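*Asks:* This structure is in structure tokens; I'll ask about it shortly.
The values are calculated or read from the model by the stated rules, or taken from the named source; none is laboratory data. Given the structure is predicted, the values throughout are model-derived calculations rather than measurements. Heads up, the Cβs are rebuilt from the backbone with ideal geometry, glycines too, and the neighbour counts pull from every protein chain shown. Surface accessibility is based on the protein's heavy atoms, side chains included, excluding ligands, DNA and RNA. Shrake-Rupley method; radii C 1.70, N 1.55, O 1.52, S 1.80 Å.
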Amino acid sequence: MPAPVNHLEERLQDSSELLTDILPAAITLAMMLRHRSMATWLRTELDGYTDDAALPACRQNIPGHIVAKSPQYGWIPAPVNDKQTQEYARVSVTEGIRDIEAFCLSCKKGSGKQVALAPEPMKELQKHINLTAQLAITVNRETYSGVVRITRGALYFWATSLIELGMGGERNSFKDADKSLAATLDTPERFLEMAVENASQLPVPGVRESGFFERMFSRAG
């Protein structure tokens, strides 16, 4: 007989397991417990956010670096100061966990992803730095991995809270009394806050680094 909550807690701490592969089981568990808010949030985390207004705070104002496109050298660091970096090099991460992990697995440590700078901010910044070159924001792989780790941490706190409430152990279903008792844990915002507050001490990994051949065949596919 399976122990779904305990198994979830274990998988979340396993660096070989992608969160993309864990989330379907977490969604099923949430539905078993009638945790509709958790299930909705987990589906959105997996597939991505279509409305910026619904983005959790931990996915907003993610820091990056301003880069400029050079005809000779491609994308290079733009001549901006710290204040301009703070003001303009911020992005909202709307991509789902599935896409974020795929990106992280496709690149090596130290690389990043370029995000287009909106037309008006780009014009303002070009004027400030007296540059006509195209500008963009580069967000590094570790930053994206950190977004995944916060989601993973929130899910970990949800699982451990369920265990503390007596929802662990082997079972195929939950009684109505169990569902009523666990109803107070149907709060994704609470667990996200816990993950952010304890970010440096979370016992869960980010996105593992893939090897050369894994990256090569992933791109070929």
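*Asks:* Out of the residues in region 56-87 meeting the condition of being hydroxyl-bearing (Ser, Thr, Tyr) and either open to solvent by 40 Å² or more (accessible area, probe 1.4 Å) or modelled with pLDDT of 95 or more (or both), tell me which one is farthest from the chain's Cα centre (by Cα).
*Replies:* Here the answer is Tyr73.
*Asks:* Take region 31-52 and flag every residue that is open to solvent by less than 90 Å² (accessible area, probe 1.4 Å), touching a helix residue (DSSP H, G or I) at 6+ places or on another chain (Cβ under 8 Å) and either under 17 Å from Gly96 (Cβ atoms) or of a type outside the set (Gly, Ala, Ser) (or both).
*Replies:* Met32, Leu33, His35, Met38, Ala39, Trp41, Leu42, Thr44, Glu45, Leu46, Gly48, Tyr49
*Asks:* OK, next. Mind counting the residues in region 120-154 that are charged (D, E, K, R) and either under 27 Å from Ile97 (Cα atoms) or touching a helix residue (DSSP H, G or I) at 6+ places or on another chain (Cβ under 7 Å) (or both)?
*Replies:* 4
*Asks:* If you don't mind, another one. For region 118-158: of the residues being of a type in the set (A, V, I, L, M), touching a residue at least 24 places away in the same chain (Cβ under 8 Å) and not in a helix (DSSP H, G or I), which is nearest to Gly168 (Cα to Cα)?
*Replies:* From region 118-158, those of a type in the set (A, V, I, L, M) are 118, 122, 125, 129, 131, 133, 135-137, 139, 147-148, 150, 154-155; that's our starting set.
Next, from what is left, pick out any that are touching a residue at least 24 places away in the same chain (Cβ under 8 Å): 125, 129, 131, 133, 135-137, 139, 147-148, 150, 154-155.
Still in the list and also not in a helix (DSSP H, G or I): 131, 133, 135-137, 139.
On the way: Leu131: 59, Ala133: 57, Leu135: 51, Ala136: 47, Ile137: 44, Val139: 39 Å.
Here the residue is Val139.
*Asks:* Please determine whether any residue of region 49-60 is farther than 25 Å from Leu23 by Cβ and acidic (Asp, Glu).
*Replies:* Scanning region 49-60 turns up no residue that is farther than 25 Å from Leu23 by Cβ and acidic (Asp, Glu).
*Asks:* Check whether at least one residue in region 97-108 is within 30 Å of Thr132 (Cα to Cα), open to solvent by less than 90 Å² (accessible area, probe 1.4 Å) and part of a loop (DSSP other than H, G, I, E, B), and report yes or no.
*Replies:* Yes; the residues of region 97-108 include at least one that is within 30 Å of Thr132 (Cα to Cα), open to solvent by less than 90 Å² (accessible area, probe 1.4 Å) and part of a loop (DSSP other than H, G, I, E, B).
*Asks:* Just one of Thr50, Thr20, Thr94 is in contact with a Gly (Cβ under 8 Å, 6 or more places away or on another chain) and of a type in the set (Ser, Thr, Tyr); which is it?
*Replies:* Values: Thr50 fails: in contact with a Gly (Cβ under 8 Å, 6 or more places away or on another chain); Thr20 fails: in contact with a Gly (Cβ under 8 Å, 6 or more places away or on another chain).
One residue alone meets the criteria, Thr94.
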